[in-house]
Structures are given as C-alpha cells and as structure tokens.
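Every number in this text was worked out from the coordinates using simple rules, so none of it is lab data. As the structure is a computational prediction, the values presented were derived from the model and not from experiment. No Cβ is skipped: glycine too gets one built from the backbone with ideal geometry, and neighbour counts run over all protein chains shown.
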Amino acid sequence: MSLTVEEVRHIADLARLQLTPEEERRYAGQLSSILEYAARLLEVDTAQIPPTATVLPLRAPLRPDIPRPCPPREKILSNAPESEAGMFRVPPVLE
Amino acid sequence: MTALTDLSLLEAASALRKGDVSSTELTEACLARIEALEPQLHAFLAQTPDLAISQAKIADQQLQEWRKKPEEPLPLTHGIPVAIKDVLCLEGVPTTCGSRILEDFRPPYSATSVSRLIDGGVVVLGKTNTDEFAMGSSTENSAYGTTHNPWDLNRVPGGSSGGSAAAVAARMCFAALGTDTGGSVRQPASFCGITGLKTSYGRISRYGLIAYGSSLDTVGALTRTASDLLPLFTAMAGHDPLDSTCMPDPVPEIRLDDSNLAGVRIGVPKEYFIEGIQAEVETAVRSAVEVFKALGAEIQEVSLPHTDLALPVYYLIAPAEASANLARYDAVRFGPRLKSEKLWDQYLKTRGALFGPEVKRRITLGTYALSAGYYDAYYGQAQKVRTLIKDDFETVFKEVDLIACPVAPTTAFRIGEHGDDPLAMYLEDVFTLPANLAGVPGMAFPVGFDRNDLPIGMQLNAPHLDELALFRAVHAYQTQTDWHLRKPDL
C-alpha cells in the first residue's frame, strides 16, 4: 500500500492541515512505509472476531443529573485568541 | 548527612510527621536542585516556585495542627513536592502538551488526578516536558526542546513522560505524574532507572487529561520505588463522576508489609525475547526473574501469540483516535491564531504551522485510516486484531498472576539517533503497547545497568484492576535488590 503526494494533500485537507510541498513528499514516503508495515494485519483472519472499541464493560456508569456550576465566562474567554461582547470572535464563515 | 532531596518519598513523609523537616524546607531543597540542574536537563516546561512555596507553608501549618491530634488520618503525600506532566491540567498554570498550538493556554480547571493529589496536600513544583501531545518515545517531539537523560546527557530520557522521569531520577522532586497511552510512563521510567506505574484503563479519572488516544490513555506516576508510588496511586484512583470511563470498582487497601511471594505465579512470555533485543537487557530481565523465584514465586513460560501485531494495531488505532481528539485545536476557543480572511483558511494555516511534524503525521495517518473506503481495511481490522491481543492476556491470566517482560528492546538511545525515521521510533514501543491495547496495568522498575552504565528496566503486567499484585511483587523485589537506590552522577 503506498500513498501518493496527491492523496496526502487530500487527507491533510480533510484534517484541516496545511502542509508544505516538502512535508507532503516526506509524509507520502513515511506513511507508505507505515502502511506497508501495517499490511500484516490484513492477513489475519478476523471473520469471527468482534471489534474492541473499549476494554471496559459496555455499560458506562451514569452520574445523577444534578446541575453544577461551570467556570465563569470570563475565565473561558481569557484563553480565546479573539473575543467580543462575551463571545468568541471568528472570521466570516459565509460570503 | 543525606541531602533532603535524596530521601525517599516515604522517608520525607515520616520526617514531616516527626517535625524533623518542614514542607517548606523540602520544597526549597527541590527548587534549588531544579535551579542547579535544569540548564542541563530541561525537564520542565513551566516552574511554579511561588505556588509551591505557598502550598508548602499551608502544608506546614496543617502539620502543626495535625501534631496536636496525631490520631487523625493524614495522607502520606501531605507536604511532598511533586511535578506534573504537561498534558494534565492545573488550573491557571500554563499547560501546553509540549505544543505551540497550546502556547500560553491556562486551563480553567484542574484534572481530577491533579486536584485529588492537591487535596492530599502535595506541593506542585511545575509542569514537565513531554513529546507533543504525548506522541513520542524520547521527548524529542516536544516543541520546546528535548529533555536530557540524567544518566547520560547525550541520550534521551524516553518518552513521552520524559520530563517527569528525568526530574524524579535527578532528585528534583519526590514523585511526578505521567500518562501512558503506549508506554509513556514505563519506557521513560526504564530509561531513567526509576519505578513507573501504568494504571489499568479506567482506574484513574481522565477528566482534565488532554486527550490523545481515548481508548488507551491512562494516568500514572513515577517515583524511585514501588512503596513511594503507593500513596499517589491511593490518592488518585477511584471513580470520578466526571469521567464515565472511570470504573466504579472500589480501590483495595494495599499494604506492603510482606515481601513473601509464595504462591504467586509469574509468566514469562516467549514472544518478548526476540531478535534485536539488547543482550544485556535480556540477561538483566532473566536475572530479575530468578530473584522473583527466590522470593517464592512460581515461574513458567507463557505465550502471547499476537504480540507482533500490537505495533501495527496501535499505530492505526491511536492515530485514528488522535485525529478526532485533535480536531478541537481550531484557533477559536484557545491557543494562538494565524489570522486569515476566511475561517477555513485560518484552520488550515494555524494547524499546519503550529502542530509539529509527528502530530501532523499521526493526524494524517489517522484521518486516512478512518476515511471512506479504508475504514474497514485499517481501523476496523485493527479493532478486531485488538480483540485477539486482549484475549491473549485474558487466556494467560487464567494460568498466571503476573507477566514479566522487558520494557524496551534497548537502554536509552542517543538524542537524534532515530533521525527522521518514524517507524524506527515506533519500534521502541513494541513491548509496552500490548498492555495499553488490553487495558491492563503495568509497572516498570530498574533491574540492572548496561556496560555504558545506563539503567535497564523490566515490567510486570497484571490483570485489569489488579494493581495490588504489581505493588506487592515490585516492592518485594526492591527489598532484595538495590538498583533503585543508584543515582545519576550530576
């Protein structure tokens, strides 16, 4: 299994990562070697094997639904790169 | 006279109780040691001396009160200076995960593990270096520079909890918190000649642990001995309503007053002694197994037949989970922003520029493994093979109580040795990944030194939630050996 530079660019775009042409080339080579190494998994017969998503018993313990205070707005916004009128500020999403 | 920083955590706790030393004196001794050694080691990303001194003064006042009523319980962690890996949130203190994308981030709350330790009276000296988002085995992936191994400054301390391991080995603190997703507590503990606990998945709350691989991430701790580790484990373990994967099972009371291992069955998996393992590592591990035998343990060879598949399984599952977890770094709510006219471009530019090479590699790999057309072949297949690996452990734990094996194929490697070859670096994790995939606990501890005077570690693994067995066995070993008492010449 090998990955082309175009495929790497496409995947990086899906993940919202801008890569330099040099990074695209390097990752194409490195990810191809990793996938080649991982190809040994494809030889394992797993037709009768269920997947493991978590090692825990499937029923998660629930907590009582009791409201509790959350950190104040100013504290949350103090980490924001830009804020305005008590909200996060972002560039326009729509034209 | 023994330097204060050379005391074990338990010796320091005992001296605090007797009034032979104050928490402020212990804290000042650690801060002086950090100031002296930090330029060589770079174990810390943030130091919190003011916080530490104020916590120590409060701890001393409380100790004075306690001495009037010494029958009241007092945690052994009370007044003890510790360090915290920089992937665990501490309210108001910069928490970067070793990444530029979280530069200057100050968490609005503390991780449950951290706040439970603070409730137990610890003094926080600072945040320790880590591979970016805990992705790495050497701390070379930290955006803020590599930590150096206290035993040889030209070598890595291991990773990703390398800052914590170096700080404990160099006596900058009495204990440090780490996290273990694929070996990140055990491997640096091994490389630095100290004791490190990877807890069972679900034993300690992950609330406030900045997520990497959510089905694998565990909080752990590093100290010089198993007996020093115990008070930290006791303080942190147990259900947290804020983490639905934190198990409600009661945490057993563990006493380490018995070093007899009669009747304990230890399995040695043949798949862990493979070609490529450093001969001195194998010799040291096999000698340590003889020590367990002399302590009364029954030794038998066992088989974990799917061991060689753990590496490809891990390097599909962990990056897949990481690619989802790291989607939150969008330069909207926290972190620096590379401004753009359009939101879309802002995502691309900020994430492209501020994530480091290994993080971008894993996000790309994980996104690929989850993408349409490849999901079944890669991620789905990896999850099925994960079942086989987990079943291997369950089968073997019907026959034995513990599994004994090496932590890493070699002792600490040189800084830069793996260059830009990610697969070579991933192979460092070959013996530690299976425990994470199976969710079982493990403890790494020193069992010798190689010809370059570098520490050799080994690990024990136990069934899920049976940390008790690890503590008993490693403590017993440490009553018979003195590897854990050696310290680097700094």
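Things to note:
- Cβ-based exposure ranking for A:87, B:135, in which fewest neighbours within 10 Å come first: A:87, B:135
- Look at B:133, B:292, B:449, B:105 and count the other Cβ atoms within 10 Å of each Cβ; fewest to most, that gives B:449, B:105, B:292, B:133.
- Net charge of the neighbourhood of residue B:53, taken over other residues with C-beta under 13 Å away and scored Lys/Arg +1, Asp/Glu -1, is -3.
- Taking every alpha-carbon pair within the protein assembly as shown, the share separated by more than 31 Å comes to 47 percent.
- Applying the Karplus relation 6.51 cos²θ - 1.76 cosθ + 1.60 with θ = phi - 60° to segment B:75-80 yields 3J(HN,Hα) values of x, 5, 7, 4, x, 8 Hz, where x marks Gly and Pro.
- Each label was represented as a point 7 Å from its Cα along the Cα-to-Cβ direction; for residue B:299 and residue A:73 these points are 6.6 nm apart.
- Centre-to-centre, using Cα atoms only, segment B:37-62 and segment B:298-354 are separated by 31 Å.
- Entry note, segment B:1-132: relative contact order of 30 percent, from Cα contacts under 8 Å with a spacing of 6+ residues.
- Chain B - percent relative contact order, Cα under 8 Å, separation 6 or more: 17
- Distribution of pairwise C-alpha distances over segment B:48-106, 5 Å bins, in %: 4, 15, 20, 18, 14, 11, 9, 5, 3, 1
- Among the listed pairs B:198/B:349; B:127/B:339; A:75/B:127; A:75/B:360; B:127/B:349; A:75/B:57, a Cα-Cα separation exceeding 32 Å is found for B:198/B:349.
- Using the Cβ-Cβ distance between residue B:104 and residue A:13 with R0 = 35 Å, the FRET efficiency computed as 1/(1 + (r/R0)^6) comes to roughly 0.80.
- Scattering curve values for chain B, log₁₀ I(q)/I(0), Debye with Cα scatterers, q = 0.08, 0.10, 0.11, 0.12 Å⁻¹: -0.43, -0.69, -0.84, -1.01
- Theoretical FRET efficiency, 1/(1+(r/R0)^6), r = Cβ-Cβ of residue B:259 and residue B:487, R0 25 Å, to 0.05: 0.65
- Pairwise FRET efficiency - residue B:372 versus residue B:14, Cβ, R0 = 35 Å, nearest 0.05: 0.05
- Using θ = phi - 60° and Karplus 6.51 cos²θ - 1.76 cosθ + 1.60, couplings along segment B:479-489 (whole Hz; Gly, Pro as x): 6, 9, 10, 10, 4, 6, 8, 5, 9, x, 8
- Look at B:257, B:308, B:243 and count the other Cβ atoms within 10 Å of each Cβ; fewest to most, that gives B:257, B:308, B:243.
- Here chain B carries DSSP beta bridges of which approximately 65% are antiparallel, counting only pairs with both residues inside.
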